[in-house]
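Trainee: Below you will find the structure I want to go over with you.
Derivation of every value follows stated rules applied to the coordinates shown; laboratory data play no part. Quantities reported herein were computed from a predicted structural model and do not represent experimental measurements. With ideal geometry, Cβ positions are generated from the backbone for all residues, glycine too; neighbour counts draw on all protein chains shown.
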Amino acid sequence: MAELMPDAKLLLRDDLSKEYYAILGVVSSYDGWLLIVKGWSVTLSLAALGLGFQQRHFALFALAAVTGAAFWYIDGLMKGYQYRYYVRMREIEYTAYLINRVVVGGEYGQRAISAPRIDMTWPFTGYPGEPQPGNGGETGEPAADEGDWRADEPWRRTPQEISKFLRHRFALPNVWLPHALAVVLGLALFVAAVALNASGVEHLHL
């Protein structure tokens with residue numbers, strides 16, 4: 001396939017940059033929406049639990065569990081929608097590397113660097129101790145450390161990786177919290193009142 005002409009590369013680079021930061025804005029908005037979902041989940045579940053004791057109707061405990069489960073499902077759906085934007089961000093980062101990578105030297109040595117790469121470098125959490133990432137040394141090359149991949153060529157998310165995340169997104173701690181707590185607590189109180197006739201809830205009725 002013929003290589004892109006310089007003008008075409010400039011146009012593509014400009015379009016990719018606009019799309020990337022538009023997507024970044026959408027991703028940030030999702031974080032706010034997800035906090036709203038969690039807030040409503042906690043509010044309604046606690047309200048149902050409180051009313052259960054106040055009104056002496058333990059069916060409200062089950063309602064609290066159902067409410068938590070419903071918001072858990074909504075949270076997982078929205079996280080899946082948000083993740084699809086991450087996939088596109090990585091595609092743009094990979095494409096941008098192909099058209100605008102530059103060797104800048106320093107601790108990067110002869111490795112080519114490109115921008116943007118927010119999504120690619122986000123998982124990097126540093127090192128618990130020595131050795132530290134490259135110090136340049138006498139050769140000007142980065143110190144050999146296979147764990148420091150921040151300057152590597154961006155890699156695309158594989159279809160298998162995408163599918164695995166979407167299948168397991170409901171089990172992520174940042175998705176099931178705090179909804180699962182309302183589900184567990186509501187079900188525990190409901191079972192205690194209905195089946196176990198536990199002390200403290202035996203005066204409640206369905």
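Trainee: Near the amide H of HIS57, under 5 Å away, which other amide H atoms are found, from residues 5 or more places off or on another chain, if H is placed in the peptide plane?
Mentor: HIS205
Trainee: Further, regarding this structure: Apply the Karplus parameterisation 6.51 cos²θ - 1.76 cosθ + 1.60, with θ equal to phi minus 60°, to every residue of region 85-96 and state each ³J(HN,Hα) to the nearest whole Hz, in sequence, with x for glycine and proline.
Mentor: 6, 4, 4, 5, 4, 5, 4, 5, 4, 5, 5, 4
Trainee: Cα to Cα, under 21 Å, and not fewer than 8 places away if on the same chain: which lysines meet these conditions relative to LYS18?
Mentor: LYS18 reaches LYS9.
Trainee: Ranked highest first by the average count of other Cβ atoms within 10 Å around their residues, in what order do 91-103, 148-160, 117-129 fall? Show your work: numbers first, answer last.
Mentor: Details: 91-103: 16.5, 148-160: 14.1, 117-129: 12.2.
Packing order, densest peptide first, comes out as 91-103, 148-160, 117-129.
Trainee: Moving on. Which length gain, in nm to one decimal place, applies between LEU172 and ALA47 when the Cα-Cα distance is subtracted from 0.36 nm times their residue separation? Before the final figure, lay out the partial values.
Mentor: Working: separation 125, 0.36 × 125 = 45.00 nm, distance 2.53 nm.
Result for the pair: 42.5 nm of gain on full extension.
Trainee: Moving on to the next point. With labels modelled as points extended 7 Å from the Cα through the Cβ direction, what inter-label distance (nm, one decimal) is found for LEU181 paired with GLN55?
Mentor: 2.4
Trainee: Rounded to the nearest 0.05, what FRET efficiency do SER163 and ALA8 have when you use their Cβ-Cβ distance and R0 = 30 Å? Walk me through the intermediate numbers first.
Mentor: Values: r = 33 Å, r/R0 = 1.10.
Rounded to the nearest 0.05, the efficiency is 0.35.
Trainee: On to the next question. Hey, which lysines would be in cross-link range of LYS164, C-alpha to C-alpha under 25 Å, not counting anything within fewer than 8 residues on its own chain?
Mentor: Within the straight-line limit of under 25 Å, LYS164 reaches these lysines: LYS38, LYS79.
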